Amino acid sequence: MNREVDFLIIGSGIAGLSYALKVAEHGKVSMITKASEDESNTKYAQGGIAAVMYSPDSIEKHVNDTLIAGDGICDEEVVRMVISESAERINELICWGAKFDKTETGEYDLAKEGGHSEHRILHHKDNTGFEIERALLAAVHKHSNIEILDHHFAIDILTQHHLGIEVNSRTPDIECYGAYVLDLRTNTIEKILARTILMATGGAGQVYSATTNPVIATGDGVAMVYRAKGRVEGMEFYQFHPTALYNPGESPSFLISEAVRGFGGILKTIDGKEFMQKYDPRKSLAPRDIVARAIDNEMKTRGDDYVYLDCRHLDKQELVKHFPNIYQKCLSLGLDMKTDFIPVLPAAHYMCGGIKVDKQGRSSIKNLYAIGECSSTGLHGANRLASNSLLEAVVYAHHAAIDSIAQFKKVEYCPNIPDWNAEGTHYPEEMVLLIQSLREVQAIMTNYVGIVRSDIRLQRAFDRLEILYKENEELYLKTTISPKLCELRNMINVAYIIIKHARQRKESRGLHYTVNYPRN
Ligand code: FAD
Ligand code: SIN
């Protein structure tokens, strides 16, 4: 079945849902999402959402912390815009039904995380994302103008290319008309035409072997826009969270929130010695790039598989009260945070770069907006400050909604886009081809394009990936479309962009650290 809607939203995390709630008063909204409606990075967010709520905190302090973490390449105007609007957007989340923890005196219980000079993280215990996703979905369900099409997979966005017109990155006015979407229940591919399209597809942690991201995080949005010749930037800045739980065989990796270190948890080597003082005066609460690199270095020089997070000195009752899910998870593995060290190591966590957008969330392709983790707004620069991403998503949902409401009625549906043509393709005979290629992408990215890089590693990664790219494009043309095939294609595209951008950056900055261009 083909459709025509005013607003097509791809992705049902915090970015897609909050935008939907804002535009739905003005037109018909279809939100497609490739798994169940709540499956997203958002659902797993632990620490919380950063905002300036009370003194002694101030906009200036939060701006400054964000700029320091971003290592000199944040867009300061964007940083100011996002942080100045933080309290307003938090109040909106609360009006939509999200609950954040309060102290006994009735103020919000603000936590602290790495790189923050003040306590400013609103949270719901240690499962803030789950609470936000729950509240937003409940609000969306009440809205008669929004339909959620779960288990619908966006394959590609529609542009002039689908009208037979050649498009390249220098084409001045590439336009987006909608998307080809695979309905996973009926196994049919429909064409959804829209006046405005929002990309809200989240991150791409799955391109690495060890990641905190769920299986949906395969970089589909970035890959679709890149293939459509839209602008993508800053992909060399892939953030590794310093403290994923060391539990071999578990994928995705379970996160031990940075808020645990904000609460007083201390990193130690496995002989029980503190080490962060060697790397940064802020010790265990330095920005993430510094902590992840320090852990990586300790593990490599000592030959250890993990380091420890020590919480044994903390108030035991408060520890369990603040981090009930993390506590239970550790307990399920026989580790009691009150009395045992917790083994941790870095894992791929957040894509700081993405689809280049302006302050309204407009991409370089007409009628196509991008917000949330798949976008690059300029807020994070070379390294995202903890808990700034949920905030960025709601602020940009607001800006993109205002702009698209003002524009969408001027846009005509494009009538001439052909239906999907599956002629000449057949079902894959050997799934092993896909599975093995995926493992290879993840191994290449982990071994050569991880926390520490070098020219030779990047060259090797590029050469290996080129082989996988050619093999997969050939397979793609001959094979009936499936999510696994599309995701592999997307991950190869995203890995290629990360490597390409990493090779172009001839310096060490923020999350991009290369032994060939050390910092002075
Ligand atoms: P997501 O929430 O990831 O949603 C993406 C959506 O797009 C999903 O619904 C997905 O199914 C859908 N999708 C993707 N591709 C397709 C396709 N081809 N077709 C159809 N649908 C598609 N940030 C903070 O600020 N604070 C935190 O405390 C915090 N903790 C985190 C903890 C963990 C374990 C993780 C993984 C991340 C954490 N982050 C945190 C980061 C933050 O959760 C994400 O950056 C944010 O939730 C991204 O929201 P989003 O809406 O952009 O994308
Ligand atoms: C965490 O809780 O440590 C995650 C916070 C984030 O990624 O912003």
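At each listed q (0.19, 0.20, 0.23 Å⁻¹), what is the log10 of I(q)/I(0) that the Debye formula gives for the stretch 122-251 modelled as equal alpha-carbon point scatterers? Calculated log10 I(q)/I(0) at the listed q: -1.29, -1.33, -1.41. Relative to 2.2 N^0.38 Å, what does the C-alpha radius of gyration of the stretch 349-488 come to as a ratio? Two decimals please. Dividing the Cα radius of gyration by 2.2 N^0.38 Å gives 1.36.
Here the chain was treated as a single set of alpha-carbon atoms; its pair distances binned every 20 Å from 0 give 23, 58, 19, 0 percent. Among THR339, THR514, THR218, a tally of other beta-carbon atoms within 10 Å of each Cβ gives an order, fewest to most, of THR339, THR514, THR218.
In terms of surrounding Cβ atoms within a 10 Å radius of their Cβ, PHE408, PHE237 rank from fewest to most as PHE408, PHE237. Estimated from helical segments only, the mean residue ellipticity of the chain at 222 nm is -11000 deg cm²/dmol, where each DSSP H run of four or more residues counts as -39500 (n - 2.57). Applying Stokes-Einstein at 20 °C and 1.002 mPa s to the Kirkwood radius of the stretch 246-308, computed over alpha-carbon pairs, gives a translational diffusion coefficient of 173 µm² s⁻¹. Using the Cβ-Cβ distance between ARG302 and ASP173 with R0 set to 56 Å, the FRET efficiency from 1/(1 + (r/R0)^6) comes to roughly 0.50.
About its Cα centre, the stretch 229-318 has a charge dipole of approximately 200 debye under the convention of +1 per Lys or Arg Cβ and -1 per Asp or Glu Cβ, with nothing else charged. In this simple spin-label approximation, LYS338 and GLU166 carry label points 7 Å from Cα along the Cα→Cβ vector, and these lie 7.1 nm apart. Residues PHE7, PHE254, arranged from fewest to most other Cβ atoms within 10 angstrom of their Cβ, appear as PHE254, PHE7. Only Lys, Arg, Asp and Glu carry charge here, each on its Cβ (+1 for the first two, -1 for the last two); on that basis the stretch 365-519 has a dipole of about 820 debye about its Cα centre.
Straightening the chain between GLU4 and LEU331 buys 112.7 nm, computed as 0.36 nm per residue apart minus the Cα-Cα spacing. Sequence-distant contacts, meaning Cα pairs under 8 Å at least 6 residues apart, place the relative contact order of the chain at 21 percent. How tilted is helix 388-407 with respect to the longest principal axis of the chain? Cα atoms for both, answer in degrees (0 to 90, nearest 10). Tilt of helix 388-407: around 30 degrees. Note on the chain: antiparallel DSSP beta bridges, both residues inside, total approximately 60 percent of the bridges counted. Sort the stretch 375-446 into rounded, prolate or oblate with this rule: let a ≥ b ≥ c be the square roots of the eigenvalues of the Cα gyration tensor; rounded if a/c is under 1.5, and if a/c is not under 1.5, prolate when a/b is larger than b/c, oblate otherwise. Judged from the Cα gyration tensor, the stretch 375-446 comes out oblate (a/c at least 1.5, b/c at or above a/b). Measuring between their Cα centroids, the stretch 420-461 and the stretch 1-45 lie 29 Å from each other.
The convex hull of the Cα atoms of the stretch 434-520, projected and averaged over all directions, covers 5.6 nm².
For the stretch 224-344, the mean projected area of the C-alpha convex hull, equal to one quarter of the hull surface, is 9.6 nm². With respect to the chain, whose longest principal axis is taken over its alpha-carbon atoms, helix 59-69 is tilted by about 90°.
For a paramagnetic label modelled on ASN64 (point 7 Å from Cα along Cα→Cβ), amide N atoms under 17 Å away belong, within the stretch 86-113, to 113. Histogrammed with a bin width of 10 Å, the alpha carbon distances of the stretch 76-185 distribute as 11, 24, 24, 24, 14, 3, 0 percent, first bin at zero.
Overall size of the stretch 319-401 from C-alpha positions, given as principal axis extents largest first: 55, 23, 18 Å.
A Cβ-based charge dipole, computed about the Cα centre of the chain with Lys and Arg at +1 and Asp and Glu at -1, lands at about 760 debye. Considering only C-alpha atoms, what is the centroid distance from the stretch 313-380 to the stretch 66-140, in Å? When both Cα centres are located, 12 Å separates them.
Only the coordinates and a few stated rules stand behind these numbers; no lab work does. Fair warning: this is a prediction, and the values are worked out from it, not measured in the lab. A quick note on method: Cβ atoms are made from the backbone with ideal geometry, for glycine too, and the neighbour counts reach across all protein chains shown.
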